[in-house]
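The values are calculated or read from the model by the stated rules, or taken from the named source; none is laboratory data. This is a predicted model, so every value here is computed, not measured. Please note: Cβ atoms are built from the backbone with ideal geometry, for glycine as well, and neighbour counts cover all protein chains shown.
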Amino acid sequence: MMTLVSKPLNTTQEPTNMQRNSYVTIDDLEALSMGSVFLATGGGGDPYLPMLLAKQALLEYGPVSLIAPDELNSEDYVVALGAVGAPTVSLELLPSIDEAGDTLREFEKHTSKKVNAIASFEIGGGNSLLPLVAAAGAGIPMIDGDGMGRALPEAQMMTYAIAGAKPTPAVARDYAGNTAAFSTSDTTTYERHIRSFSMAAGGMITAAEHPMSGAFVKTAIIPHTVSFAINLGKVLIKHRGHVQQMMPHLKACFEKSVYGQCKLLFEGKITDKSVAIVGGYDVGELTVAGFNGEPPVTVNIKNEYLIAKQSDKVLASVPDLIVLVDIETSEPINAERIKYGQRVAIIAVECPAFYKSEQALAAVSPRAFGFDFDYVALSEK
């Protein structure tokens, strides 16, 4: 459970009649970071520096109110905020404490509207923490939910876009303070434009996009993923150890969530990794060789782990979550931190129900990434 406090320390802006029950505090950050890296399926950006920025923001401004989607008022003005780019770059092109907050302020200036609450793009690594930094500085709540229930590489794959939200007006800002505003007709076009700006800015930017009403957010968001990531992180920290010992605790945790079953697929050693930045994404694959001579497993990557395949058998595929963890500690590993020789376990988690609809699968199924096969849910394998 999250740490509860009596009231937020920063009250520069109070949203309209929202219930204020739970808060994210400094004590939650390690668990949120750990849990969100697990849910990020290899992507979402490395969380270490964003966690330090969140700690600094919470020290300065106090805890951030975390509100459930159904606590929003219909007329509340919500914007999604996060980083856009190739996760590998996040290890080199480091954000500042001001970048997320400045992006939010530029968005409000551009739209001439005051934002009442911030939503996450994805519950993934650094992108689960940057909205917290912006919310702390603005004194507004962060919504307990996100637009993916995991991490995915493209804007049109967000639940917000699939449910019909327009991506613009949107504002993006780079590390040097250069700002761009966007107005596009659809999210696929927006993805091309925002990705181009990210590449021109060195490979990583912060964006505020997909403005939505409170009423719309309730229909489009994957709910309760921030609080779940904190709880999941606490499980991973408390029971840190060999993956075989961790699995019963993980399965019990996911049974009480919006996700489906959690399953250990394979254990082995990284024997090959080939990833390059292509079109603003980390693209490639890695190979995991079994310890006992089993056929190796290949994992395809586009920022996130997309497909786990053994010979001709698909073990798991997007939109289900594929997670690589250290076999001895069960700590999840971002794709950009995978190294030759690491001993890993591959875990799969069935995705939230939202992504199983025909409309959602058109955006996030294996075929949407160019693979020549259909999605089969983990529970059906």
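Within the span defined as the stretch 82-102, one or more residues are assigned by TED's automatic domain parsing to the domain that holds GLN56, in contact with a Lys or Arg (Cβ under 8 Å, 6 or more places away or on another chain) and modelled with pLDDT of 95 or more. Inspection of the stretch 73-81 identifies at least one residue that is buried (at least 21 other Cβ atoms within 10 Å of the Cβ), in contact with an Asp or Glu (Cβ under 7 Å, 6 or more places away or on another chain) and either free of Cβ contacts under 8 Å to residues at least 12 places away in the same chain or among the small types (Gly, Ala, Ser) (or both).
Among the residues of the stretch 265-278, is there at least one that is under 30 Å from GLN156 (Cβ atoms) and crowded, with 18+ Cβ neighbours inside 10 Å?
Keep residues of the stretch 265-278 that are under 30 Å from GLN156 (Cβ atoms), which gives 265, 273-278.
In the following step, the residues that additionally are crowded, with 18+ Cβ neighbours inside 10 Å were identified as 265, 275.
Yes, because at least one residue in the stretch 265-278 is under 30 Å from GLN156 (Cβ atoms) and crowded, with 18+ Cβ neighbours inside 10 Å.
Picking from residues in the stretch 102-140 that are over 18 Å from the mean Cα position of the chain (by Cα) and not in a helix (DSSP H, G or I), the one that is farthest from THR225 (Cα to Cα) is SER112.
Of these, ASP98, ASP76, which one is out of contact with any Leu (no Cβ under 9 Å at 6 or more places or on another chain), over 25 Å from THR187 (Cα atoms) and of a type outside the set (A, V, I, L, M, F, W, C)?
Testing whether each residue is out of contact with any Leu (no Cβ under 9 Å at 6 or more places or on another chain), over 25 Å from THR187 (Cα atoms) and of a type outside the set (A, V, I, L, M, F, W, C) leaves just ASP98.
Would you say ALA345 is hydrophobic (A, V, I, L, M, F, W, C), in contact with a helix residue (DSSP H, G or I) (Cβ under 6 Å, 6 or more places away or on another chain) and touching a residue at least 40 places away in the same chain (Cβ under 8 Å)? The answer is yes for ALA345. LEU59 falls short of the stated requirement of being surrounded by 22 or more Cβ atoms within 10 Å (Cβ to Cβ) and modelled with pLDDT of 95 or more. Restricted to the stretch 82-99, and to residues there that are among the hydroxyl-bearing types (Ser, Thr, Tyr) and crowded, with 19+ Cβ neighbours inside 10 Å, the residue that is farthest from ASN303 (Cα to Cα) is SER90.
Evaluate the following for GLY293: is it within 30 Å of SER196 (Cβ to Cβ), out of contact with any strand residue (DSSP E or B) (no Cβ under 6 Å at 6 or more places or on another chain) and surrounded by fewer than 16 Cβ atoms within 10 Å (Cβ to Cβ)?
Values: within 30 Å of SER196 (Cβ to Cβ): no; out of contact with any strand residue (DSSP E or B) (no Cβ under 6 Å at 6 or more places or on another chain): yes; surrounded by fewer than 16 Cβ atoms within 10 Å (Cβ to Cβ): yes.
It is false that GLY293 is within 30 Å of SER196 (Cβ to Cβ), out of contact with any strand residue (DSSP E or B) (no Cβ under 6 Å at 6 or more places or on another chain) and surrounded by fewer than 16 Cβ atoms within 10 Å (Cβ to Cβ).
The residues on offer are THR188, THR206, THR111, THR168, and the sole one that is closer than 15 Å to GLY82 by Cα, surrounded by fewer than 24 Cβ atoms within 10 Å (Cβ to Cβ), among the hydroxyl-bearing types (Ser, Thr, Tyr) and in contact (Cβ under 8 Å) with a residue 24 or more places away in the chain is THR168. When the stretch 296-317 is filtered for residues that are under 24 Å from the mean Cα position of the chain (by Cα), hydroxyl-bearing (Ser, Thr, Tyr) and surrounded by fewer than 23 Cβ atoms within 10 Å (Cβ to Cβ), only THR298 remains.
Considering each residue of the stretch 29-86, count those that are assigned to a strand (DSSP E or B) and of a type in the set (Ser, Thr, Tyr), and give that number. Please lay out each step first, then the result.
Residues of the stretch 29-86 assigned to a strand (DSSP E or B): 64-67, 77-85.
Then drop every residue that is not of a type in the set (Ser, Thr, Tyr), which leaves 65, 77.
The number of residues fulfilling the criteria is 2.
Per the conditions (1) touching a strand residue (DSSP E or B) at 6+ places or on another chain (Cβ under 9 Å); (2) closer than 22 Å to THR329 by Cα, the sole criterion not satisfied by ALA68 is (2). Against the criterion of being surrounded by fewer than 20 Cβ atoms within 10 Å (Cβ to Cβ) and either aromatic (Phe, Trp, Tyr) or within 22 Å of the chain's Cα centre (by Cα) (or both), MET199 qualifies. Annotation: of all residues in the stretch 277-296 being in contact with a helix residue (DSSP H, G or I) (Cβ under 9 Å, 6 or more places away or on another chain) and among the aliphatic types (A, V, I, L, M), the one that is nearest to ILE333 (Cα to Cα) is LEU286. One residue stands out in the stretch 320-368 among those that are in contact with a strand residue (DSSP E or B) (Cβ under 9 Å, 6 or more places away or on another chain) and charged (D, E, K, R): the one that is modelled with the lowest pLDDT, namely GLU336.
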